[in-house]
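S.K.: Take a look at this one; I'll ask things after.
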Amino acid sequence: MGIQIKNQIKLAILSINENVGFARAATAAFSAQADLTLTEIDEIKVAVSEAVSNAVIHGYGSDPHKQNYIELVMNLYQDKLEFIIIDYGYGIANIEEARQPSFSSDPERMGLGFIFMDSFMDELEVQSKLGQGTTIRMVKLLVPSTEH
């Protein structure tokens, strides 16, 4: 018997800065179904919006002439929330280096996206292939309400 999904949302959003806020709001609405504090929901919003923002900025290079999409999949299970962010852009040459504090391929950026994702979520997986894109999977474990 597999793990049953209680709810799932799949979004395909155009890779433009304006949609980072939309992804953030959708994440908050989806996360509100779980028994989480407002602080936990805020942390999830930050982690997901950082992943989406990275896809917009680095995945496709913020090229306004390209109609590239980012997929955002949100899964609610009995014991966790799962967020999967997929782009089909440039990919990450060195994932380990990209996950280091203050690393950014853009000198105008602080390079803290992966730090926020890692610290605010219970699991973070990054898969990437040059020229094919990047998939980020993040999980927030849900603590039964009797333990809150």
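S.K.: From 63, 42, grab the single residue that is modelled with pLDDT under 90 and surrounded by fewer than 19 Cβ atoms within 10 Å (Cβ to Cβ).
M.R.: 63
S.K.: Moving to a separate point now. In this structure, is residue 16 modelled with pLDDT under 95, touching an Asp or Glu at 6+ places or on another chain (Cβ under 9 Å) and outside any helix (DSSP H, G or I)?
M.R.: So residue 16 does not fit the description; no.
S.K.: Right, something else. Does residue 99 fit the bill of being modelled with pLDDT of 95 or more and surrounded by 14 or more Cβ atoms within 10 Å (Cβ to Cβ)?
M.R.: When the stated conditions are applied, residue 99 does not pass them.
S.K.: Within the set of pairs 6+ apart or on separate chains, which have a first residue in the stretch 9-24 that is under 11 Å from residue 52 (Cα atoms), a second that is part of a loop (DSSP other than H, G, I, E, B), and C-beta atoms under 6 Å apart?
M.R.: Qualifying pairs under 6 Å: 15/60; 15/68.
S.K.: When you go through (1) in a helix (DSSP H, G or I); (2) within 20 Å of residue 126 (Cβ to Cβ) one by one for residue 70, which number turns out not to apply?
M.R.: That leaves (1) as the condition not met.
The values are calculated or read from the model by the stated rules, or taken from the named source; none is laboratory data. Remember, it's a predicted structure, so these values are computed and weren't measured experimentally. Cβ sites come from the backbone with ideal geometry, for glycine too, and all protein chains shown count toward neighbours.
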